[in-house]
Amino acid sequence: MAAVQFSLPLPVLPQDWVGEKDFKAIGQLSSATQRNIEPVGPHFLAHARRVSKLPLINRNIFAATNSDLQQKRHQRTFSEDDR
Amino acid sequence: MSSQEDGEISSPEITAIGISFGNSNSSIAYTSGEGKAEVIANEEGDRQIPSVLSYIEGEEYHGTQAKSQLVRNSRNTIAYFRDYLGKDFDSIDPTPCHASAHPQKHESTIAFSVQDKESEAQNIVTVSEITTRHIRRLASSASDFLGKSVNAAVITVPTNVTDEQREALSEAAKAAGVDVLQMISEPTAAVLAYDARPEAILKDKIIVVADLGGTRSDMAVVASRGGVYSILSTSHDYETAGVQLDQVLIDHFAKEFIKKNKTDPRENERSLAKLKLEAEATKKALSLGGNASCSVESLADGIDFSSTINRTRYELLAGKVFGAFTRLIEEAVRKADLDILDVDEVILSGGTSHTPKISQNLQRLFPPTTRILSPSTLPTAIDPSSLSARGAAIQASLVQEFEKEDIEQSTHPMVTVTPHLRNAIGVMVVSEDVQKGLFSALIEKETAVPCRRTGLFAVPREGGDVVVKICEGLRDIKVSKKEKPKTNGKPASDDSDLDSDEDEDGDEEIREKVWKIGAVLAEAAVKGVKKGGKVEVTIKVEADLAVQVEAREAGGKGGVRGSLGKARVAENGSAGSG
Ligand SMILES: Nc1ncnc2c1ncn2[C@@H]1O[C@H](COP(=O)(O)OP(=O)(O)OP(=O)(O)O)[C@@H](O)[C@H]1O
Ligand SMILES: [Mg+2]
């Protein structure tokens with residue numbers, strides 16, 4: 001997905017801030033919920049290709065109709081590491 | 001009828017279509033060479049083909065022709081059978097078949113007794129067999145249109161379909177020469193139909209799919225994240241659908257008829273069947289125009305009936321049913337543990353979704369920022385009756401070149417069951433109130449992992465050293481009271497709806513979505529950002545829930561990288577496909 005723009009600024013780095021190599025790990029992600037994703041649509045196929053052995057079929061139905069911008073987007077989305 | 005034979009060795013060319021198979025209507029669709037989903041009209045020109053078959057002297061009628069036989073030949077007309085497929089007789093509700101061939105117990109299955117041959121004999125036709133005949137007719141219409149034999153399909157099914165029902169549907173289709181490549185859920189098909197449009201923008205959003213049909217209404221709340229769909233809640237209602245709206249008009253016209261003629265047309269089977277067909281047509285006309293007529297030749301006692309009704313009157317009479325639709329949608333949102341304010345889109349699907357009043361009520365229920373996708377609220381909305389079939393056609397074109405095994409393997413829970421984020425992940429920014437930080441969500445909750453999102457953040461005016469503080473965010477609903485102004489510009493009659501939930505003389509509540517800061521995950525320092533520069537932050541959550549963070553000045557080299565340890569995967573989400 002395209003980068004989202006945020007207009008409000010990031011805070012100034014406090015004078016006394018310390019972190020190894022400018023990074024500081026603090027907490028942990030909350031536990032996740034197991035859910036089913038729907039096995040439908042081109043983006044799911046990209047997911048399935050990474051997880052299972054689904055072969056890559058070089059055909060993108062969306063690209064045929066969609067505008068140039070969308071074409072690029074979906075082709076990128078079809079690349080293996082988008083999500 | 002199909003030239004394909006089971007067990008053929010050389011794999012034949014696959015011609016796949018999308019099929020939506022409802023209790024009331026079915027639709028067939030294909031994906032054109034340009035990748036556009038198109039609904040196919042059958043020989044009669046219908047795109048919504050009634051799921052009805054009727055037999056007269058051995059001849060089979062299908063669709064609209066068969067439906068009109070509900071008046072003269074109801075006992076040899078089979079309708080509303082989809083939900084019986086793969087079910088036990090003891091578990092079904094036979095009510096929808098009241099005015100057509102009755103379902104009966106037959107061995108371990110359900111069947112209809114009809115005179116479907118030239119002879120006078122009553123034959124047992126199982127629900128599987130009638131489904132096969134129906135699908136054969138659909139496939140044949142599609143084959144005629146496409147000029148080649150259709151031998152495969154993606155078929156849509158409700159979210160509460162059982163494994164037995166899937167199995168039965170797959171076998172019934174196979175017997176009709178149609179290989180079911182995949183069954184996909186109806187709401188997901190509707191979402192896909194919209195997402196496949198050229199103008200669609202890939203965005204994370206919460207979608208309510210309200211599928212309002214003839215004999216049932218099905219709700220699904222769907223999280224759409226980077227084009228991947230997860231169903232958060234589903235609900236089903238068999239008492240609030242199109243037939244209840246037909247009934248409102250049947251009762252209205254029957255009363256009018258009684259007033260003049262002292263006979264109740266509802267008491268005679270054939271009169272009722274006639275009135276029902278006409279009332280449905282009147283109802284559909286009221287979705288388009290402000291007035292509609294209803295005329296039935298020889299309705300009862302040989303007396304013709306003719307009347308008109310305007311939309312306002314209809315909306316008043318059907319107010320209760322309309323209110324019930326609104327409540328179904330509200331409940332579905334609640335069941336997904338969400339608030340009305342969390343919903344970005346409502347997709348109205350199914351024939352009943354043509355009704356303007358239903359979408360108008362939803363416009364009042366949801367904030368103005370929620371898009372209500374229906375013909376009367378959005379000029380570019382897709383015909384709600386066709387959404388399922390279109391989505392199925394798109395999916396068919398996506399999977400038809402895969403081996404069946406590959407499709408099966410990729411739809412296996414090993415692939416589809418995935419951890420979803422419990423909370424949003426985002427970055428703190430400075431708000432107007434300098435003391436208070438503000439959370440900006442980069443990855444929304446209910447996003448399946450692995451996932452990755454990038455944001456571009458502004459820096460203080462002079463640039464310099466900034467801190468990227470990554471946190472979890474919890475959505476909260478802030479409620480404040482606002483004194484209601486005495487005059488609100490609206491005429492009083494506009495407030496007469498039964499489903500109005502505003503407290504007449506209480507203070508108006510203002511509800512808004514705000515973020516509460518959850519766990520702080522990490523901080524990264526980006527130093528020496530130039531004046532007017534931007535900071536690019538990428539957060540990536542791996543399949544094992546490890547988190548990677550990358551922050552750097554946009555266009556700059558290097559940058560800061562770091563990672564967090566894995567989180568736990570907890571219990572299953574409530575919804576699934578149950
Ligand atoms: N233009 C319209 N305005 C209002 N109602 C309509 C319109 N078109 C169709 N309907 C109604 O929609 C209902 C059928 O919806 P749909 O075709 O989605 O049903 P289905 O999914 O096959 O049915 P079921 O819910 O019985 O499984 C019928 O009650 C029909 O009268
Ligand atoms: Mg339906």
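Remark: for residue pairs B:Lys36/B:Lys404; B:Lys320/B:Lys482; B:Lys436/B:Lys478; A:Lys24/B:Lys516; B:Lys436/B:Lys481; B:Lys148/B:Lys174, the C-alpha separation exceeds 20 Å in B:Lys36/B:Lys404; B:Lys320/B:Lys482; A:Lys24/B:Lys516; B:Lys436/B:Lys481. The alpha carbon gyration tensor of segment B:242-319 gives principal lengths a ≥ b ≥ c with a/c of 1.5 or higher and a/b greater than b/c, which makes the shape prolate. Using only atoms on other chains, find how many Cβ atoms lie within 10 Å of each Cβ of peptide B:26-38 and report the average. Rounded to a whole number, the mean comes out at 2.
Note on segment B:98-125 and segment B:421-463: Cα centroid distance 62 Å, given to the nearest whole angstrom.
Separation of segment B:217-243 from segment B:141-175 is 21 Å, based on Cα centroids. Bridgeable aspartates and glutamates around B:Lys527 (alpha carbons under 20 Å apart, same-chain partners fewer than 8 residues away excluded): A:Asp16, A:Glu20, A:Asp22, B:Glu462, B:Asp465, B:Glu536, B:Glu550, B:Glu553. The charge dipole of segment B:254-364, taken about its Cα centre with unit charges on the Cβ atoms of Lys, Arg (+1), Asp and Glu (-1) only, comes to about 480 debye.
Compare the Cα positions of B:Ala525, B:Gln122, A:Gln15 along the charge dipole of the protein assembly as shown (+1 at Cβ of Lys, Arg; -1 at Cβ of Asp, Glu; about the Cα centre) and return the one farthest towards the positive end. Value computed over the given set: A:Gln15. Shown is the FRET efficiency for B:Asp507 and B:Thr308, computed with R0 = 56 Å from the Cβ-Cβ distance and rounded to the nearest 0.05: 0.80.
Partner shielding of B:419-431 amounts to 4, given as the average count of beta-carbon atoms from other chains within 10 Å of each residue beta-carbon.
Let me make sure I get this right: for segment B:31-116, a, b and c are the square roots of the gyration tensor eigenvalues over alpha carbons, sorted descending. Under 1.5 in a/c it's rounded, otherwise prolate if a/b > b/c, else oblate. Which is it? Here segment B:31-116 falls in the oblate category. As a rough footprinting exposure proxy, the listed residues A:Trp17, B:Trp515 were ranked by other beta carbons within 10 Å of their own, and the order from fewest upward is A:Trp17, B:Trp515. Charged side chains reduced to their Cβ positions (Lys and Arg at +1, Asp and Glu at -1) give chain B a dipole of some 2060 debye around its Cα centre. One quarter of the convex hull surface built on the alpha carbon atoms of segment B:16-183 amounts to 9.7 nm², the projected area averaged over directions. Segment B:304-333 and segment B:516-562 have Cα centres separated by 53 Å.
Helix B:319-335 and the longest principal axis of the Cα set of chain B meet at an angle near 40°. With the simple model of a label 7 Å out from the Cα in the direction of the Cβ, B:Glu118 to B:His236 spans 4.2 nm. Angle, helix B:269-288 long axis vs. longest principal axis of chain B, Cα atoms, 0 to 90°, nearest 10? The angle comes out at about 40 degrees. What the Cβ-Cβ distance of B:Val569 and B:Asp93 gives, at R0 = 41 Å and to the nearest 0.05, is a FRET efficiency of 0.60. What residue among B:Met428, B:Ser388, B:Gln409 has its Cα farthest toward the positive end of the dipole of segment B:380-442, where the charges are +1 on Lys, Arg and -1 on Asp, Glu, each on the Cβ? Value computed over the given set: B:Met428. If R0 is taken as 22 Å, the Cβ-Cβ distance between B:Lys404 and B:Asp163 corresponds to a FRET efficiency of 0.80. Inter-label distance, A:Ile26 to B:Thr369: 2.5 nm, where each label sits 7 Å from its Cα along the C-beta direction.
Helix B:387-399 and the long axis of chain B differ in direction by around 70°, with both axes built from C-alpha atoms. With N as its number of residues, segment B:378-467 has a Cα radius of gyration that, divided by 2.2 N^0.38 Å, comes to 1.77. For the peptide B:549-557, the mean number of other protein chain Cβ atoms found within 10 angstrom of a residue's Cβ is 1.
In chain B the Cα-Cα distances spread across 20 Å bins starting at 0 as 18, 46, 28, 8, 1 percent of all pairs. Pairs of Lys residues in segment B:242-319 are counted when their Cα atoms are under 21 angstrom apart and they lie 8 or more places apart or on different chains; the count is 13. In a reduced charge model with +1 at each Lys and Arg Cβ and -1 at each Asp and Glu Cβ, the protein assembly as shown shows a dipole moment near 2180 debye about its Cα centre. Toward the positive end of the charge dipole of chain B, with +1 on the Cβ of Lys and Arg and -1 on the Cβ of Asp and Glu, the farthest Cα among B:Ala175, B:Ala281, B:Thr538 is that of B:Thr538. Normalised by residue count, segment B:282-392 yields a Cα convex hull volume of 140 Å³ per residue. Potential lengthening of the chain between B:Ser295 and B:Ile258 amounts to 11.8 nm, from the contour at 0.36 nm per residue minus the alpha-carbon distance.
Of the trypsin sites (Lys or Arg not before Pro) found in segment B:144-253, those in coil by DSSP whose Cβ has at most 11 other Cβ atoms within 10 Å are B:Lys148. What does the C-alpha gyration tensor say about the overall shape of segment B:132-177? Classify as rounded when a/c is under 1.5, otherwise prolate if a/b is larger than b/c, or oblate. Taking the square roots of the gyration eigenvalues as a ≥ b ≥ c, segment B:132-177 is prolate. When you filter the trypsin sites (Lys or Arg not before Pro) in segment B:226-318 for DSSP loop state and at most 12 other Cβ atoms inside 10 Å of their Cβ, you are left with B:Lys262. Taking amide H positions as modeled 1.01 Å from N, with prolines and chain starts lacking one, the residues under 5 Å from B:Ser26 and 5 or more places away or on another chain are B:Ile49, B:Ser51. Seen from all directions on average, the protein assembly as shown presents a Cα convex hull projection of 34.1 nm².
Quick note: the coordinates plus some simple rules give every number you see, no bench work behind them. Everything quoted here is computed from the prediction, not taken from an experiment. All Cβ positions, glycine included, derive from the backbone under ideal geometry; neighbour counts span all protein chains shown.
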